[in-house]
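First the structure, in the form of C-alpha cells, and then the observations on it.
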Amino acid sequence: MDISFFIHPVDMSRILKRLRKKITEVQSEIMEREEKGLIRDPVLEIAYRDLEVLRDKFQSAQERMFRFGLYLTIYGDTQEELRETETI
C-alpha cells in the first residue's frame, strides 16, 4: 500500500475576497434585522465577530489556508485480493 499526501497553499487574495463578501452579507443581515425592529440574533453577531477575527488573522499572516489531498493506493494481483484488503 502506498500513502501520499499533498499540501498546497491557497491564494489568500481569493480567500480574503470571499471572506469580505461573507462579512458584508452577515453585516447586512444584522442591520436589516435592526431596521425591522427584530430582536438581535446572537448567532449572526457571533458569526460576524468570528469572520472579522479570521480576516484579521489572514491579513496579518497569523493564519494560512492550504488544500490537502490524501491518496491511498492499494495493490493486489486479483480483484479478490483487492476486495480482501479493502475490508480490513
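The values are calculated or read from the model by the stated rules, or taken from the named source; none is laboratory data. Since this is a predicted model, take the numbers as computed values, not measurements. Cβ: placed from backbone, ideal geometry, glycine included. Neighbour counts: every protein chain shown.
Among residues belonging to region 39-52 that are of a type outside the set (D, E, K, R) and surrounded by 10 or more Cβ atoms within 10 Å (Cβ to Cβ), point out the one that is farthest from Ile3 (Cα to Cα).
Leu44
So which residues in region 6-47 are of a type in the set (Lys, Arg) and over 24 Å from Glu63 (Cβ atoms), if there are any at all?
Of everything in region 6-47, those that are of a type in the set (Lys, Arg) and over 24 Å from Glu63 (Cβ atoms) turn out to be Arg33, Lys36, Arg40.
If you check Ser28 against the conditions, is it at pLDDT below 95, hydroxyl-bearing (Ser, Thr, Tyr) and in a helix (DSSP H, G or I)? Before the answer, list the steps.
On the way: at pLDDT below 95: no; hydroxyl-bearing (Ser, Thr, Tyr): yes; in a helix (DSSP H, G or I): yes.
No; evaluated as a whole, the condition is false for this residue.
Only one of (1) part of a helix (DSSP H, G or I); (2) surrounded by fewer than 10 Cβ atoms within 10 Å (Cβ to Cβ) fails for Leu72. Which number is that?
For Leu72, the failing item is (1).
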